[in-house]
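So the structure is just underneath, and the comments pick up after that.
Readers should treat all values here as calculations from the given coordinates under stated rules, not as data from a laboratory. Keep in mind that what you see is a predicted model, and the values were worked out from it rather than measured. Here the Cβ positions follow ideal geometry from the backbone for every residue, glycine too, while neighbour counts run over all protein chains shown.
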Amino acid sequence: MRVSIDKINQLLNSKKTITITTHTNPDGDAIGSSFALYHYLLKLNHNVKVITPNKHPDFLDWVPGIDNLEIFDDNPEKCNKILDTSDLVFTLDFNDLKRASKLGLAINQFKGITIMIDHHQNPVGYSDIEISEPNITSTSEMIYMFIKMSGKIDKIDKNIATCIYLGMMTDTGSFQYRGVNSTTHDIISSLLTHGVDNNKIYNNVYNSNEISKLKLLSVALKNLELIIDKKTALMHICQNDLIKNNYRKGDSEGIVNYGLTLRGIQFSVIFIEDENEKNKFKISFRSKEDFPCNEFASNFFDGGGHLNAAGGIFTGNLNSAIEYFKKSLNEF
Ligand code: 5GP
Ligand code: MN
């Protein structure tokens, strides 16, 4: 980490035009790390933009700075122009350009210097400078470490601290996951000294549901199937359920965790059909203890992630998806 941070700081020694990017369907850590870095680099007097591949869920609308966000899918020409005129591109919270959809293709064409900061396993290796820390629970925590190791801890203010707190909270399941350690809490403690309103952030993220979210939860729970001998819970939500319940981006987030609340269940999976494309499923995997979601996702569903949380995709109808899942589980 030290060598890469020194290289980045050398680049940041003179005023730069910088674009910060993150992954498709950006979550709290993607948005939190991006805007923490955004506010930090603005304070260092750089020109800074954040581009996401597609829209973030509504429960992140309050994030400081998010009004200045550009969304690649909404305006690819403008975003390409921003990239073309940038000196540096940061890619945060992903380690494979495939995870950034069309924005990833654009980054692949980028002629300047790319810097990856990420905490997922097995980086593909597309960037000029890479900071990869799979043992750190969030990219937002890595941004904190980056600022601290750059000797600029005095730059951290309420906005930066709020963004870092957001990413650390969401990527640790509100500080419950196994990767959480004393360092995590030390950092949180220091963030709170900057006036972070932890209760407000929690309520903004978790207690601001639309009724559509609870309706979809009820659909998923109605579909819940247990594969007892594999300690597995399986759910699905189809396209017509999404349409019927006025699905909004982010509504399906977290539903998969309900499977894990069951005693004796170690692995929980949800198949969610694409809102616009039938027979195309996004899958979320979650586990307790040592069941490797990332290995399972990459072996069978062209995905990846972490030990206890991963994602993947499947193309085909629901029945074939479930059949293929059960077969995969038997093979694994
Ligand atoms: P979620 O289920 O919340 O979409 O994703 C859980 C974790 O798995 C996240 O850390 C995310 O980065 C990772 N992940 C989700 N979908 C994919 C995918 O299609 N490919 C890879 N490599 N990782 C994914
Ligand atoms: Mn993350």
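Look at the alpha carbon pairs under 8 Å that are at least 6 residues apart: their mean separation over the length of the chain gives a relative contact order of 13 percent. Note on the stretch 211-331: Cα Rg divided by 2.2 N^0.38 Å, N the number of residues, gives 0.98. In terms of the mean number of neighbouring beta-carbon atoms within 10 Å, the peptides 7-15, 45-53 order highest first as 45-53, 7-15. Charges were assigned to the Cβ only: +1 to each Lys and Arg, -1 to each Asp and Glu. The resulting dipole of the chain about its Cα centre is roughly 180 debye. Result for the chain in a Gaussian network model with C-alpha springs under 10 Å: among Met145, Met168, Met235, the largest mean-square fluctuation is at Met145. Computed per residue of the chain from DSSP H runs no shorter than four, each worth -39500 (n - 2.57), the mean residue ellipticity at 222 nm is -12000 deg cm²/dmol.
Just to be sure I understand: of the beta bridges DSSP finds with both ends in the stretch 211-331, what percent are antiparallel, rounded to 5?
Working: 19 of 25 bridges.
Approximately 75 percent, going by the DSSP bridge assignments.
Among Thr91, Thr139, Thr315, the largest mean-square fluctuation in a Gaussian network model of the chain (Cα springs under 10 Å) belongs to Thr315.
In the chain, taking the dipole from charged Cβ atoms about the Cα centre, the farthest positive-side position among Ser320, Asn25, Ile153 is held by Ile153. Distance from the alpha carbon centroid of the stretch 89-121 to that of the stretch 148-211 works out to 24 angstrom.
Checked against a 31 Å cut-off, the cross-linked pairs Lys49/Lys282; Lys55/Lys231; Lys49/Lys244; Lys288/Lys327; Lys111/Lys152 give Cα-Cα distances beyond that limit for Lys55/Lys231; Lys49/Lys244. Springs join every pair of Cα atoms under 10 Å in this Gaussian network model of the chain, and among Gly259, Gly305, Gly125 the largest mean-square fluctuation is at Gly125. When its C-alpha radius of gyration is set against 2.2 N^0.38 Å (N residues), the stretch 2-206 gives a value of 0.93. Working from Cα pairs under 8 Å separated by at least six residues, relative contact order for the stretch 211-331 is 18 percent.
Using the structure shown, list the pairs from Lys222/Lys280; Lys102/Lys213; Lys98/Lys158; Lys222/Lys278 with a Cα-Cα distance above 23 Å, or answer none.
Numbers: Lys222/Lys280 21 Å; Lys102/Lys213 28 Å; Lys98/Lys158 33 Å; Lys222/Lys278 21 Å.
Beyond 23 Å: Lys102/Lys213; Lys98/Lys158.
Hull volume per residue, based on the alpha-carbon atoms of the stretch 1-92 and their convex hull, is 91 Å³.
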